[in-house]
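A.B. asks: Before I ask anything, let me first share the structure, which is written out below as structure tokens.
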Amino acid sequence: MDMAAARATLVQESRELLSEMENALLEMERNGTSEEGVHAVFRAAHTIKGSAGLFGLEHVVRFTHSMESVLDGVRAGRAEMSAELLALMVDCGDHLSSLIDAVEQGILDRDPDSERAGALLDRLSPPVADSGSRALTERVIETRAEEIASPRAVLNDAWHISLRLARDVLKSGMDPMSFLNYLSGLGEVLAVELLEDDLPPLSELDPEILHLGIEVRFSSEATRQQIEAAFEFVSEGSLIRILPPHARIEEYLEFLRTMPESDRRLGEILVACGALTPNELEKVLAFQRESGEKPIGKIFVEERIVPPVVVETALRKQAVTKASSRDIRVVKVEAEKLDILIDLVGELVIASAAARVAALGEGAKASAEAVGTLATLVEEIRDSALGLRMVPIGEVFQRFPRMVRDISRDLGKSVELVISGAEAELDKSMVDRIADPLTHIVRNSLDHGLETEAVRIAAGKPAQGTISFNAYHETGSIVIEVSDDGAGIRRDKVLAKAIERGIAQAGQELTDREILNLVFEAGFSTADSVSDLSGRGVGMDVVRRNVEALRGEIELQSVEGQGTTTRLRLPLTLAIIDGFHFLVGKSSYVVPLDMVKECADLVESDLHGGIVRFRGEPLPVIQLRKLFSVDEPPSRRRSLVVAQHGSQRVGLVVDQLAGELQAVIKPLGPMFRNLRAVGGTTILGNGSVALILDIPRLAQIAVETSAERDLGRTIFFSKKQEVPSCN
Amino acid sequence: MRMNISKAGGKVRAHLGEALDISSVLEAKEQLSKALRKGSQIDFDLSGLAEIDTAGVQLLLSTRRQARADKVDCRFLRPSPEVLRAFTLLGRADFFDESVHAN
């Protein structure tokens, strides 16, 4: 076994558990303690302890054990989950996190910060005093319990085998009779009882399915394993119980309980084949009657067979296994494997398109149909594969409650973080890269935006400030909003600073939007004092750069005295998109289908330079043949493709509409990176290349310049060089 | 499964032949159902059944249930050695009826 890989898994899982633990603790700090929360914290500590034990990480085991004992006391009602204890647990979680980090670094045998560990353990220790001796007592008691058990053995000195074979066992070519014959070879089959309760009359019978149960009394010197081996090939879906000679009466009790037949009915069968004496059966049924629905563990305890501690431990063990097995609904996949899959799916999409073109070209109806089916399936695979990469943005959001709590405390401010839209999904590759910009925006709010309690109360606001995260999908993008109800952005301060930094000139007339956008300029900061949190070096210009590197946009909205909202808009990634294809001259272009609002015939008389009258309203247009210097003469009937991105609409004047297709986005090479209007390329079914248009940019271009002759220049400018706006 | 049906004096007698196992139970079910509808009394002669497996045993058990439900007086007679062995192995040696009137 590869230890390094196994350890990496341990580290990752522990981190996930620690994150759950922290969330549970923060939730309880906010809304009060709860049984669920305590259990979640306990479970995390317990699971980490178990895994650490497997790897021999004694120091981790010791530390988590101490946490566990205290939590156990809370669960048992011996201690209270006070605010102090919650904070202590958060600190312990932090220390545990640093231990896991150390494990990742390869430090496996000691605690790198034993001083802190010691201090924490001291704070934990008062309720922990008994833990050592308790463990010892448990062990002693367990052995004694086994000795006590023997007087309750049944008289039956033979094995009892219960067979409820899977219904399709006959169709698989297996026959219960052959098992019985085999057993006869291992020993002596003393009695067989057939259970026919589920056997219907002929008219309702499916004769190929097994409706019979079999109870066997079997005398043999063979071991349990040898007996089990007889049923090796039939196990799946079959219920096979084997009770040894002189089994304890509780084992029969448990057996009866797990069987579908009524206790008395099955009990009678057991008597009939000699597994139980009539006396023993009565005892078992009496047990059942008196205890009613009580779990077996409790019955044992009350009969003073097994001391309570042992039972509790056993039941708890069961609960933990049940809990952890319930979590196994997720499969971990290496991101690289996913990427390979997506690549292949991309190729598949292209190949499918090519096949379609070929089939249509040949005119063969059967091929066309088959290829059509293929295309539908490929589409489904594509959607599935892309879906694999999507993760809920909540994954990113969940890092923030802790940060907000800590920083607001440091700053002496009272702030609450509210999250909505955590289920909105975005591409996995974006998740990490969006965390930094969000962090900086949040820190800005905490540091500059939100006022202290005193200032807020004086302003008539609630003492506690609020930062909210919101996320939602909108026409092919995911929108993330970070809002605060703080002081808002002071336009006068921004302007003053900008002038000071030479970014703007005094006396320049700027719109409100332009003033706000000054915040994004390099070297800008309005902090009166530079705190170590923000304001030194990392400005909003870096944030914008990060967002734009993700092909996204960032926008500020603010009302002085009320608050600020930062809105990020990111594409839902798509390596493969549904596109709309059209031609200008002989050249093919594709735009994302969900950005296409409408297509219409172009009424040439309604077109005036950069504007067209569409449905009575002016619509900015781009004449693509001008933009891309297309030589061929325009077609007589041109079309207008109306595209929309966010709130901006733009019309594209094209020669020919070609319909929908799936486009695999091939990125542009470095030479073409600065083309403003083109976001990538794709290969069409007929092998030719189509340019994928960047609608947001085109919309911007259309708005900025309506003069046709300027369009030719615009396309070649990179973002750094701003086009002076022309009227 | 081969089945020969004869009627004598209001009594139906069905001879089951050859094999009654998983490969033929589907067909045999139809045959047995039909036989049960032939009259209010029927004897199944099992002396000719050379092969039988659990599916076959199950089918015969189900036939008896159906007969009871339909109020048909149904008897299972003269099991062949193989049939007897199978039923005994499965704990149902008591399944068969004594033939009072040997034919």
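The values are calculated or read from the model by the stated rules, or taken from the named source; none is laboratory data. Owing to the predicted nature of the structure, the values given are computational and were not obtained by experimental measurement. Backbone-built Cβ (ideal geometry, glycine too); neighbour counts: all protein chains shown. Ligands, DNA and RNA are stripped out before the accessible areas are found, and what is left, the full protein with its side chains, is counted by its heavy atoms. Shrake-Rupley method; radii C 1.70, N 1.55, O 1.52, S 1.80 Å.
A.B. asks: Can you pull out every residue in the stretch A:216-230 that is open to solvent by 10 Å² or more (accessible area, probe 1.4 Å) and away from every other protein chain (no Cβ under 14 Å)? I'd like the intermediate steps shown before the answer.
C.D. replies: First pass over the stretch A:216-230, keeping only residues open to solvent by 10 Å² or more (accessible area, probe 1.4 Å): A:217, A:219-226, A:228-230.
Residues satisfying the conditions are A:SER219, A:SER220, A:GLU221, A:ALA222, A:THR223, A:ARG224, A:GLN225, A:GLN226, A:GLU228, A:ALA229, A:ALA230.
A.B. asks: Just to be sure I understand, how many residues within the stretch A:386-419 are farther than 30 Å from A:ILE342 by Cβ and either touching a strand residue (DSSP E or B) at 6+ places or on another chain (Cβ under 6 Å) or in a strand (DSSP E or B) (or both)?
C.D. replies: Within the stretch A:386-419, residues that are farther than 30 Å from A:ILE342 by Cβ and either touching a strand residue (DSSP E or B) at 6+ places or on another chain (Cβ under 6 Å) or in a strand (DSSP E or B) (or both) number 7.
A.B. asks: Report, by residue number, each residue of the stretch A:192-213 that is outside any loop (DSSP other than H, G, I, E, B) and more than 7 Å from every other protein chain (Cβ to nearest Cβ). Let's see the steps before the verdict.
C.D. replies: Let us first name the residues in the stretch A:192-213 that are outside any loop (DSSP other than H, G, I, E, B), namely A:192-195, A:202-204, A:213.
Result: A:LEU195, A:GLU204, A:GLY213.
A.B. asks: Scan the stretch A:179-215 for residues that are of a type in the set (Asp, Glu), closer than 20 Å to A:ARG265 by Cα and either buried (at least 19 other Cβ atoms within 10 Å of the Cβ) or in contact with a helix residue (DSSP H, G or I) (Cβ under 7 Å, 6 or more places away or on another chain) (or both) and jot them down.
C.D. replies: Of all residues in the stretch A:179-215, those of a type in the set (Asp, Glu) come to A:188, A:193, A:196-198, A:204, A:206, A:208, A:215.
Cutting the leftovers down to closer than 20 Å to A:ARG265 by Cα gives us A:193, A:196-198, A:215.
Within the stretch A:179-215, A:GLU193, A:GLU196, A:GLU215 qualify.
A.B. asks: Oh, and also: Taking the conditions exactly as written (out of contact with any Ser or Thr (no Cβ under 6 Å at 6 or more places or on another chain) and either open to solvent by 50 Å² or more (accessible area, probe 1.4 Å) or at pLDDT 75 or above (or both)), does A:VAL482 satisfy them or not?
C.D. replies: Details: out of contact with any Ser or Thr (no Cβ under 6 Å at 6 or more places or on another chain): no; either open to solvent by 50 Å² or more (accessible area, probe 1.4 Å) or at pLDDT 75 or above (or both): yes.
Here the answer is no, as A:VAL482 does not meet what is asked.
A.B. asks: Let me ask something else. Is it the case that A:GLU451 is among the charged types (D, E, K, R), open to solvent by 20 Å² or more (accessible area, probe 1.4 Å) and within 36 Å of the chain's Cα centre (by Cα)? So that I can check it myself, show each step before the final result.
C.D. replies: On the way: among the charged types (D, E, K, R): yes; open to solvent by 20 Å² or more (accessible area, probe 1.4 Å): yes; within 36 Å of the chain's Cα centre (by Cα): yes.
It is true that A:GLU451 is among the charged types (D, E, K, R), open to solvent by 20 Å² or more (accessible area, probe 1.4 Å) and within 36 Å of the chain's Cα centre (by Cα).
A.B. asks: Can you say whether A:GLU362 is touching a residue at least 40 places away in the same chain (Cβ under 8 Å) and not assigned by TED's automatic domain parsing to the domain that holds A:GLU29, as far as the supplied structure shows? It would help to see each step written out before you state the result.
C.D. replies: On the way: touching a residue at least 40 places away in the same chain (Cβ under 8 Å): no; not assigned by TED's automatic domain parsing to the domain that holds A:GLU29: yes.
Judged against the criteria, A:GLU362 is not a match.
A.B. asks: Let me ask something else. In this structure, is A:GLY118 open to solvent by 40 Å² or more (accessible area, probe 1.4 Å), free of Cβ contacts under 8 Å to residues at least 12 places away in the same chain and out of contact with any Pro (no Cβ under 6 Å at 6 or more places or on another chain)? Before you say what the answer is, go through the steps one by one.
C.D. replies: Numbers: open to solvent by 40 Å² or more (accessible area, probe 1.4 Å): no; free of Cβ contacts under 8 Å to residues at least 12 places away in the same chain: yes; out of contact with any Pro (no Cβ under 6 Å at 6 or more places or on another chain): yes.
Against the criterion (open to solvent by 40 Å² or more (accessible area, probe 1.4 Å), free of Cβ contacts under 8 Å to residues at least 12 places away in the same chain and out of contact with any Pro (no Cβ under 6 Å at 6 or more places or on another chain)), A:GLY118 does not qualify.
A.B. asks: Give me the pairs: first residue in the stretch A:200-211 and under 13 Å from B:ASP70 (Cα atoms), second residue open to solvent by 30 Å² or more (accessible area, probe 1.4 Å), beta-carbon distance under 6 Å, and six or more apart or on different chains, which are they?
C.D. replies: From residues that are under 13 Å from B:ASP70 (Cα atoms), the pairs are A:PRO201/B:ARG65; A:PRO201/B:ALA69.
A.B. asks: Still on this structure, please answer the following. Has the stretch A:274-290 got any residue that is modelled with pLDDT under 80 and within 14 Å of chain B (Cβ to nearest Cβ)?
C.D. replies: Of the residues in the stretch A:274-290, the ones modelled with pLDDT under 80 are A:274-290.
Narrowing further to those that are within 14 Å of chain B (Cβ to nearest Cβ): A:274-275.
Yes: the stretch A:274-290 contains one or more residues that are modelled with pLDDT under 80 and within 14 Å of chain B (Cβ to nearest Cβ).
A.B. asks: A further question follows. For the stretch A:330-355, which positions are at pLDDT 80 or above and of a type in the set (Lys, Arg)?
C.D. replies: Of everything in the stretch A:330-355, just one residue is at pLDDT 80 or above and of a type in the set (Lys, Arg), namely A:LYS337.
A.B. asks: Oh, and also: Any idea which residue in the stretch B:25-42 is nearest to the other protein chains (Cβ to nearest Cβ), counting only those that are surrounded by fewer than 17 Cβ atoms within 10 Å (Cβ to Cβ) and not in a helix (DSSP H, G or I)?
C.D. replies: So the residue we want is B:ARG37.
A.B. asks: Continuing with this model, one more query. If I filter the stretch A:162-178 down to residues being more than 10 Å from every other protein chain (Cβ to nearest Cβ) and open to solvent by less than 20 Å² (accessible area, probe 1.4 Å), which single residue comes out as farthest from B:ILE22 (Cα to Cα)?
C.D. replies: A:SER162
A.B. asks: Select from the stretch A:388-432 the residues that are open to solvent by 40 Å² or more (accessible area, probe 1.4 Å) and of a type in the set (Gly, Ala, Ser) and write down the one among them that is modelled with the highest pLDDT.
C.D. replies: The selected residue is A:SER420.
A.B. asks: Exactly one of (1) assigned to a loop (DSSP other than H, G, I, E, B); (2) under 23 Å from A:ASN546 (Cβ atoms); (3) without any contact (Cβ under 8 Å) to a residue 24 or more places away in the chain is unmet by A:ASP339. Its number?
C.D. replies: Every condition holds for A:ASP339 apart from (1).
A.B. asks: Now, a different point. Residue by residue through the stretch A:47-69, note down the ones that are assigned to a helix (DSSP H, G or I) and hydrophobic (A, V, I, L, M, F, W, C).
C.D. replies: Start the filter on the stretch A:47-69 by keeping residues that are assigned to a helix (DSSP H, G or I), which leaves A:47-54, A:58-69.
Correct list: A:ILE48, A:ALA52, A:LEU54, A:VAL60, A:VAL61, A:PHE63, A:MET67.
A.B. asks: Anything in the stretch A:248-262 that is of a type in the set (Val, Ile, Thr) and open to solvent by 50 Å² or more (accessible area, probe 1.4 Å)? List them, or say none. Explain how you work it out, then say what you get.
C.D. replies: Step one: of the stretch A:248-262, the residues of a type in the set (Val, Ile, Thr) are A:249, A:258.
Once the filter is applied, which keeps residues that are of a type in the set (Val, Ile, Thr) and open to solvent by 50 Å² or more (accessible area, probe 1.4 Å), the stretch A:248-262 yields only A:THR258.
A.B. asks: Would you mention how many residues in the stretch A:568-600 are out of contact with any helix residue (DSSP H, G or I) (no Cβ under 9 Å at 6 or more places or on another chain), open to solvent by less than 20 Å² (accessible area, probe 1.4 Å) and modelled with pLDDT under 90?
C.D. replies: Total satisfying the criteria: 0.
A.B. asks: In the stretch B:1-19, what residues are more than 14 Å from chain A (Cβ to nearest Cβ), in a loop (DSSP other than H, G, I, E, B) and in contact with a strand residue (DSSP E or B) (Cβ under 8 Å, 6 or more places away or on another chain)?
C.D. replies: Hit for the stretch B:1-19 is B:GLY10, nothing else.
A.B. asks: Hey, could you check the stretch B:43-65 for residues that are open to solvent by 20 Å² or more (accessible area, probe 1.4 Å) and at the interface with another protein chain (Cβ under 8 Å from one of its Cβ atoms) and say which is nearest to the chain's Cα centre (by Cα)? First the steps, then the outcome.
C.D. replies: Within the stretch B:43-65, the subset open to solvent by 20 Å² or more (accessible area, probe 1.4 Å) is B:47-48, B:50-53, B:64-65.
Still in the running and at the interface with another protein chain (Cβ under 8 Å from one of its Cβ atoms): B:53, B:65.
On the way: B:ASP53: 14, B:ARG65: 12 Å.
So, considering only residues that are open to solvent by 20 Å² or more (accessible area, probe 1.4 Å) and at the interface with another protein chain (Cβ under 8 Å from one of its Cβ atoms), the one nearest to the chain's Cα centre (by Cα) is B:ARG65.
A.B. asks: Could you please let me know if A:PHE233 is away from chain B (no Cβ under 14 Å) and more than 15 Å from A:GLY274 (Cβ to Cβ)? Can you show your working first?
C.D. replies: Working: away from chain B (no Cβ under 14 Å): yes; more than 15 Å from A:GLY274 (Cβ to Cβ): yes.
Answer is yes for this residue.
A.B. asks: A further question follows. State which residue is farthest from the other protein chains (Cβ to nearest Cβ) when the search covers only the stretch B:75-93 and only residues that are in contact with an Asp or Glu (Cβ under 6 Å, 6 or more places away or on another chain) and open to solvent by 10 Å² or more (accessible area, probe 1.4 Å).
C.D. replies: So the residue we want is B:ARG78.
A.B. asks: Could you please give the count of residues in the stretch A:27-46 that are open to solvent by less than 50 Å² (accessible area, probe 1.4 Å), closer than 15 Å to A:ALA76 by Cβ and in a loop (DSSP other than H, G, I, E, B)?
C.D. replies: 0
A.B. asks: Of the conditions (1) more than 11 Å from every other protein chain (Cβ to nearest Cβ); (2) outside any helix (DSSP H, G or I); (3) of a type outside the set (Ser, Thr, Tyr), B:ILE22 clears all except one; give me its number.
C.D. replies: So the condition that B:ILE22 fails would be (1).
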